[in-house]
1. What number of residues in region 110-121 are buried (at least 19 other Cβ atoms within 10 Å of the Cβ) and not hydrophobic (A, V, I, L, M, F, W, C)?
2. Under 6 Å between Cβ atoms, which residue pairs at least 6 apart in sequence (or on different chains) link something in region 102-115 that is over 15 Å from ALA136 (Cβ atoms) with a partner that is part of a helix (DSSP H, G or I) and not aromatic (Phe, Trp, Tyr)?
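The values are calculated or read from the model by the stated rules, or taken from the named source; none is laboratory data. Computed from a prediction, not measured in an experiment: that's the story for all the values here. Cβ atoms come from the backbone with ideal geometry, glycine included; neighbour counts cover every protein chain shown. For accessibility, only protein heavy atoms count, side chains too; no ligands or nucleic acids. Shrake-Rupley method; radii C 1.70, N 1.55, O 1.52, S 1.80 Å.
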Amino acid sequence: MASWRSKADSSTSSLSIGPATVTPALLTRIFLRAPHSYTDDNHGHLRKALAEAPRAVDALRMLLEAPIDDPTGAGTRRGCLMANSTCELGNADPKVLAHAHRTDETSTALIGDCVARAQREGDLPAAVDPIALARALLAAQQGIVFMGRTGLDTATLTATARSLAAQLLPGHSGDRTDRC
């Protein structure tokens with residue numbers, strides 16, 4: 001992983017800011033301004049996508065394939081601003097870590113609500129802990145994001161996402177014949 005300094009060197013050249021003026025503290029201030037709207041927007045999109053799916057289990061499967069939605073693979077190489085920023089700055093600044101934690105908790109709660117809906121719809125066993133499964137799904141989804149950053153092709157990422165869905169969301173084949 002490149003250091004914050006090399007990232008700062010490449011990302012500040014277009015701003016006419018010399019690399020010597022960019023410190024972790026400056027990067028943290030920049031980070032804390034942008035991600036609030038970024039995470040609010042992402043949570044809004046996640047909330048909408050999870051709610052609009054005809055069946056909750058389909059929305060959960062979609063969650064795993066979301067990082068590979070772009071057939072060109074460009075999205076998989078971009079990664080996630082929150083994950084990237086947390087890895088780079090999370091241990092250096094408690095504000096960054098706190099924001100990352102709140103973001104993760106909100107995402108987990110939204111996905112957990114969708115898991116509970118899938119249970120009510122009969123697609124997931126009632127004994128499944130919605131929050132534990134939500135955390136597992138989120139970890140799997142972020143793993144797919146990471147794998148995309150390594151340059152894996154879209155077909156491999158799709159196969160991986162489907163394998164994870166089959167293991168984490170058992171009991172639903174995606175082609176139910178008992179639906180109306």
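1. 2
2. So the pair list comes out as THR103/THR39; THR103/MET82; THR106/HIS43.
Yes/no per residue for (1) open to solvent by less than 30 Å² (accessible area, probe 1.4 Å); (2) under 11 Å from LEU60 (Cβ atoms); (3) in a helix (DSSP H, G or I); (4) of a type in the set (Asp, Glu):
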| residue | (1), (2), (3), (4) |
| --- | --- |
| ASP123 | yes, yes, no, yes |
| ALA127 | no, no, no, no |
| GLN141 | yes, yes, yes, no |
| MET147 | no, no, yes, no |
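To keep it simple, each residue is scored yes or no on (1) open to solvent by less than 20 Å² (accessible area, probe 1.4 Å); (2) in contact with an Asp or Glu (Cβ under 9 Å, 6 or more places away or on another chain); (3) at pLDDT 85 or above; (4) not charged (D, E, K, R).
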residue	(1), (2), (3), (4)
ALA20	no, no, no, yes
ASP41	no, no, no, no
LEU46	no, no, yes, yes
LEU50	yes, yes, yes, yes
VAL57	yes, yes, yes, yes
ARG61	no, no, yes, no
ILE68	yes, no, no, yes
LEU89	yes, no, no, yes
HIS101	no, no, no, yes
